[in-house]
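See below for the structure under consideration.
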Amino acid sequence: METPYEITTLTRTDHPNPPAHAVRPPLAPAETPPGVEVVTLPDGRRTLAYTQPPAPGGTAPAAPPSSGVPAWAKTTALLAPTVGMGVGAGGFGLSYAAPGVLAMTDALWAAAALVATGCCGAALLLGRWRRSAPAQITQNITATGLFGRAGGSINHR
């Protein structure tokens, strides 16, 4: 008796002839629950088994649809190479810039020495110039009344 169903059984099929006490008489057709049928196994034995209707696309049941890759996994997968390449490019740039940075430190020290020398020289010149000509300024301011206009004179000596 062939059935158009897929057979799922819970009996052991590794023994060709099961012992007599393991053979059970089949149930009457009125006693069988829904989804249970008498099936013939490939070795010729007949047994009760739960059956399932065949899958629409073939004998294998269809796999449940996957929900896809989560958004956080996509973001991490895209971000990891970007960060890695950025770090690599930074290291590569620093390796090329190192000789220039060392040369710039020498240039900065030279510029600092030039500024310090210029400031010291300017301080010496201003000190000599002030000593040679001390300035004396005299102011005379006069005003009349509470809201009167003030006038004055400045005398350089």
Report task. Report whether or not G148 is open to solvent by less than 100 Å² (accessible area, probe 1.4 Å), without any contact (Cβ under 8 Å) to a residue 24 or more places away in the chain, more than 30 Å from Q52 (Cβ to Cβ) and small (G, A, S). Result -> yes
Query raised in the report: Has the stretch 71-81 got any residue that is surrounded by fewer than 10 Cβ atoms within 10 Å (Cβ to Cβ) and on the phi > 0 side of the Ramachandran plot?
Result: no
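The values are calculated or read from the model by the stated rules, or taken from the named source; none is laboratory data. The structure presented is a predicted model; accordingly, all values stated were derived computationally and were not measured. Cβ coordinates were reconstructed from backbone atoms using ideal geometry, including for glycine residues, and neighbour counts include every protein chain displayed. These area figures cover heavy atoms from the full protein model, side chains too; ligands, DNA and RNA do not enter into them. Shrake-Rupley method; radii C 1.70, N 1.55, O 1.52, S 1.80 Å.
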